[in-house]
Amino acid sequence: MNAVTAAAAPIAIFGDLDGDLWGVVVGGIQAQAAIGRLTDADLGLQPAELDAGDDDVWTLIGAGCDLRVERADASSSSVQGEGDLDPCRVSGSVELDGNRREFDVGGVRSSTLNVDGHDSLRVFGAWFPAGHEIGIVAARPQGAKGHDRDSITVIARGEEHPRVIDPRLSTTYDDAGTPRRIGMELWLGDDPEGELWPRRVAGTSTGSSVTGSELGAYAFECVSRGEPGAGIYLLLRP
């Protein structure tokens, strides 16, 4: 497994419910990627060549795919300084079951996530057909026992209000420590003291995953305001 430890490495996750597709890209000394259907069994990371030197566009070749990961602008955000998090568009093609598929889907990416000094980093992205996209990273300090000490960064697209207030991410794990359900809640507004509008996301694991000693990525089916969508949960532990 490609180590993502003291040195930050580029990471991207992406998914699409209608296209029945999800994937993860991990940089580092040896870049790796995995792409599959939302209900595929365990996926394996495969070696690839990643060029993440451009601030706006990353390119990846290998692992059965040819990808372009292009940074997009957020409409709403709440940043607490635990590494950058950007919405992105992931386009290109992938070989699945002997067929070449082209796609253009939503994602989130970061070039500076760093697990050093943390008990864990949890990254979650969700994408809905109407254009709402949400990304969140929750960093838990070493020795912390609960989510009350988590540092949380949120970005969103497709929202009418620029500020994200009081974001929260909760996770239900099974006995093996695998995330099975998530709940995300945040409030959107123009001013913390003004009127706020809730955005809630609930998700259930589809059973498709990529796992290793320090990284686990899991596909989710999500719903927000009655709209179904795809979600990806990325768990990093030192």
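The values are calculated or read from the model by the stated rules, or taken from the named source; none is laboratory data. Since the model is a prediction, treat every value here as computed from it, not as a measurement. Please note: Cβ atoms are built from the backbone with ideal geometry, for glycine as well, and neighbour counts cover all protein chains shown. Protein only, heavy atoms only, side chains kept; ligands, DNA and RNA dropped before computing areas. Shrake-Rupley method; radii C 1.70, N 1.55, O 1.52, S 1.80 Å.
For the structure I just gave you, tell me whether Ser208 is within 20 Å of Ser77 (Cα to Cα) and polar (S, T, N, Q).
Numbers: within 20 Å of Ser77 (Cα to Cα): no; polar (S, T, N, Q): yes.
Criteria not met by Ser208.
Please work out if Asp104 is open to solvent by 30 Å² or more (accessible area, probe 1.4 Å) and either without any contact (Cβ under 8 Å) to a residue 40 or more places away in the chain or of a type in the set (Lys, Arg) (or both). Steps first, please.
Values: open to solvent by 30 Å² or more (accessible area, probe 1.4 Å): yes; either without any contact (Cβ under 8 Å) to a residue 40 or more places away in the chain or of a type in the set (Lys, Arg) (or both): yes.
The answer is yes for Asp104.
Checking each residue in the range 160-177 for being surrounded by 11 or more Cβ atoms within 10 Å (Cβ to Cβ) and acidic (Asp, Glu) picks out only Asp166.
Between Leu38, Leu60, the distinction of being buried (at least 20 other Cβ atoms within 10 Å of the Cβ) and either of a type in the set (Ser, Thr, Tyr) or under 17 Å from the mean Cα position of the chain (by Cα) (or both) belongs to Leu38 only. Scanning the range 212-235 for residues that are buried (at least 24 other Cβ atoms within 10 Å of the Cβ) and of a type in the set (Ser, Thr, Tyr) yields a total of 2. The residues on offer are Leu67, Leu45, and the sole one that is within 19 Å of Leu236 (Cα to Cα), buried (at least 21 other Cβ atoms within 10 Å of the Cβ) and touching a strand residue (DSSP E or B) at 6+ places or on another chain (Cβ under 8 Å) is Leu45. Of all the criteria given as (1) closer than 22 Å to Leu121 by Cα; (2) open to solvent by less than 20 Å² (accessible area, probe 1.4 Å), the one not satisfied by Gly189 is (1).
Does Ser78 count as more than 26 Å from Thr204 (Cβ to Cβ) and either open to solvent by 20 Å² or more (accessible area, probe 1.4 Å) or hydroxyl-bearing (Ser, Thr, Tyr) (or both)? No; evaluated as a whole, the condition is false for this residue.
Can we say Asp51 is free of Cβ contacts under 8 Å to residues at least 12 places away in the same chain and open to solvent by 20 Å² or more (accessible area, probe 1.4 Å)?
Answer is yes for this residue.
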